[in-house]
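Read the figures in this text as sums done on the coordinates, not as results from a lab. Bear in mind that the values here come from a model prediction, so they are computed numbers and not experimental data. Every residue, glycine as well, gets a Cβ built from its backbone with ideal geometry; the counts of neighbours run over all protein chains shown.
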Amino acid sequence: MSAGHHHAHAPIIVRKKGRHLAVDIHAHLNVAAAETTLRQAMPDLPKGLPYSCPASDAVNARMFAAIGPKLNGVEARLADMDQQGVDVQALSPNPGQYYYFTQPEMGRDLACTINDGVAEAVASAPDRLVGIGTVPLQNVEMAIAEMRRAVGDLNMRGIEIGSNVGGRDLSDPEFRPFFAAAEDLGILLFLHPLGFTQGQRLSDHYLNNLIGNPLESTIAVSHLIFGGVLDAYPGLKICVAHGGGYLPTYTGRMDHAFRAREDCRQHITREPSSYLRQLWFDSLVFDHAQLDHLVATYGADRICMGSDYPFDMGDADPVGFLERLPEDARAKVLGCNAASLLNLQTGDQL
């Protein structure tokens, strides 16, 4: 497949209601069919978030019961989008559906089921929803094949990837062909964590989500930088959930290490923070000072609105959160950046 093949795709035509297009790049869909298949094959499923406590489990059980129709369907979702002022949601699978722990063939079949489910949801409201798929990264050849199917046959505009694959970091040489293929396709990779792998000390107070998610992204992105992945594939389009984790706000220490120690420059040719400028981050940080820092440091064209719909750790008013930004920056973060990454066009651009 030739470089930039993805851009040969016709843009997806979406509609905007307000002055600026509003695209939520971080919204999830659960595909129940895949979960059912997996539970039949593996009755003792590992917990999605492995380190938790009874108090958090009880809150999660209530949350999943409450958000079920929104997480699994389209109708309530569209009503919420109207209420929020969101024109388009990019639907990525519920991160609990990575299923990297399964045998490769099963992982491939489940990814197919999930991607077909996302495509089906998108087809029910094609001017409001676009698809971001999943791939079985436990087998890189299968992952590349499913990514090509998702892009070529299902018109997906991105692939959601976890922050590690069964404890292996994304800088593992085994994953290089996947990143090469993603760069070649020009497809967005949406990097979304699911708790911290060694989260024994994060079980209470839902800390494995509160701290664990941004910590996982921090570690994953650090490996992508120091392991040379972003150096080798500068054309990769990666958007990191939750504002990129902790790394984008604490870069001086790694730049110092790069200057001071040769073991911190084995695979890279310039300051680590410079590679962060190749990435995109979503706006889901809940704090205006942190949002302002991301915009000031990385540029308004590198931040995309994200809500984490429909989870309780999401922002129920993602559009309102951006109100304080200057208008030109707000238009970019609100939707222009995501439209460019996902190849969307509004009807009035034709």
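Key figures
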{"quantity": "Gain in span if fully extended, residue 123 to residue 204, counting 0.36 nm per residue against the direct Cα distance", "calculated": "25.1 nm"}
{"quantity": "Mean shadow area of segment 9-154, taken as a quarter of the surface of its Cα convex hull (nm²)", "calculated": "9.9 nm²"}
{"quantity": "Under the Debye formula (equal points on every Cα, no solvent term), log10 I(q)/I(0) of the chain at q = 0.11 Å⁻¹", "calculated": "-0.69"}
{"quantity": "Cα Rg, Dmax, segment 235-300, angstrom units", "calculated": "12.8, 37"}
{"quantity": "Among beta bridges that DSSP assigns inside the chain, antiparallel share in %, nearest 5", "calculated": "5 percent"}
{"quantity": "Euclidean distance between Cα centres, segment 220-290 to segment 105-136, Å", "calculated": "29 Å"}
{"quantity": "Whole-Å semi-axes of segment 111-203's equivalent ellipsoid (Cα gyration tensor)", "calculated": "25, 17, 11"}
{"quantity": "Nearby aspartates and glutamates by direct alpha-carbon distance to residue 16 (threshold 16 angstrom, same-chain neighbours under 8 apart not counted)", "calculated": "24, 80, 82, 87, 127, 348"}
{"quantity": "Residue 246 paired with residue 75, simple spin-label distance in nm, labels 7 Å along Cα-to-beta-carbon", "calculated": "4.4 nm"}
{"quantity": "Label-point separation, residue 297 to residue 323 (7 Å along Cα→Cβ), nm", "calculated": "2.7 nm"}
{"quantity": "Formal net charge of residues neighbouring residue 116 (Cβ-Cβ distance under 12 Å; K, R +1; D, E -1)", "calculated": "-3"}
{"quantity": "For 124, 163, 340, order by how many other beta-carbon atoms lie within 10 Å, fewest first", "calculated": "124, 340, 163"}
{"quantity": "Residue 153/residue 65 FRET efficiency (R0 45 Å; Cβ-Cβ; nearest 0.05)", "calculated": "0.85"}
{"quantity": "Span-like helix ranges in the chain, DSSP H, alpha carbon extent 20 angstrom or more, Kyte mean at least -0.5", "calculated": "54-72, 104-123, 212-226"}
{"quantity": "Residues residue 313 and residue 255, FRET efficiency given R0 of 35 Å [Cβ-Cβ distance, rounded to 0.05]", "calculated": "0.70"}
